[in-house]
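The next block holds one structure in the form of structure tokens; read it before the comments.
The values are calculated or read from the model by the stated rules, or taken from the named source; none is laboratory data. If you're wondering where the values come from, they're calculated on a predicted model, not measured in any experiment. So basically every Cβ, Gly included, is an ideal-geometry build from the backbone, and we count neighbours across all protein chains shown.
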Amino acid sequence: MSSADQINGLFGLAARAGKVIYGSETLLRAKAQKLKLVIIATDLNPTTITKLENYLRENNIPYSVYLTKTALGAILGKNEVGAFALTDTHLAKEIKKIMKAGE
């Protein structure tokens, strides 16, 4: 199984388990300590990406720009997802480990 398949499977698992917060504005309002890993779609509005990245850096929250809104939506069972956060520490750690190994 490829690292992308593993990551996508873990994203789907997190969504089914209710361990995901959706939407860039919701993420900006969420308590920073709840956000364990944020994923931003590659085709999200550049201004929104910058706003999110600045917030995440300021709060020392790990993030990755990964796939398109449509692809993320398909993985998570939604139409389109521009940004989402994992709230589960263990799932976030495993995904970060797989992402780092795939670099």
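Among the residues of region 67-79, is there at least one that is crowded, with 17+ Cβ neighbours inside 10 Å, under 13 Å from the mean Cα position of the chain (by Cα), without any contact (Cβ under 8 Å) to a residue 12 or more places away in the chain and part of a helix (DSSP H, G or I)? Lay out the reasoning, then the answer.
Step one: list which residues in region 67-79 are crowded, with 17+ Cβ neighbours inside 10 Å, which gives 67, 69, 72-73, 75-76.
Those left that are additionally under 13 Å from the mean Cα position of the chain (by Cα): 67, 69, 72-73, 75-76.
Next cut, without any contact (Cβ under 8 Å) to a residue 12 or more places away in the chain only: 73.
From what's left, part of a helix (DSSP H, G or I): 73.
Yes, that holds for at least one residue.
Scanning region 80-103 for residues that are part of a loop (DSSP other than H, G, I, E, B) and in contact with a strand residue (DSSP E or B) (Cβ under 8 Å, 6 or more places away or on another chain) yields 81, 82, 87. Candidates in region 1-31 are the residues that are loosely packed, with under 13 Cβ neighbours inside 10 Å and of a type in the set (A, V, I, L, M); of these, the one that is farthest from residue 84 (Cα to Cα) is 1. Considering only region 33-50, state which residues are more than 14 Å from the chain's Cα centre (by Cα) and surrounded by fewer than 16 Cβ atoms within 10 Å (Cβ to Cβ). 33, 45, 46, 47, 50 - these are the residues of region 33-50 that are more than 14 Å from the chain's Cα centre (by Cα) and surrounded by fewer than 16 Cβ atoms within 10 Å (Cβ to Cβ).
Scanning region 31-65 for residues that are of a type in the set (A, V, I, L, M, F, W, C) and outside any strand (DSSP E or B) yields 32, 35, 41, 44, 49, 52, 56, 61. Scanning region 51-66 for residues that are surrounded by fewer than 16 Cβ atoms within 10 Å (Cβ to Cβ) and of a type in the set (Val, Ile, Thr) yields a single hit, 65. Scanning region 53-77 for residues that are closer than 22 Å to residue 4 by Cβ and in contact with a helix residue (DSSP H, G or I) (Cβ under 8 Å, 6 or more places away or on another chain) returns 62, 63, 64, 65, 66, 67, 72, 75, 76, 77. Here residue 28 fulfils each of the conditions (1) at pLDDT 95 or above; (2) not in a loop (DSSP other than H, G, I, E, B) apart from (1).
For region 67-77, the criterion of being within 20 Å of residue 17 (Cα to Cα), touching an Asp or Glu at 6+ places or on another chain (Cβ under 9 Å) and not aliphatic (A, V, I, L, M) is met by at least one residue. Looking across 4, 17, 32, 41, one residue alone is touching a residue at least 24 places away in the same chain (Cβ under 8 Å) and touching a Gly at 6+ places or on another chain (Cβ under 6 Å). It is 41.
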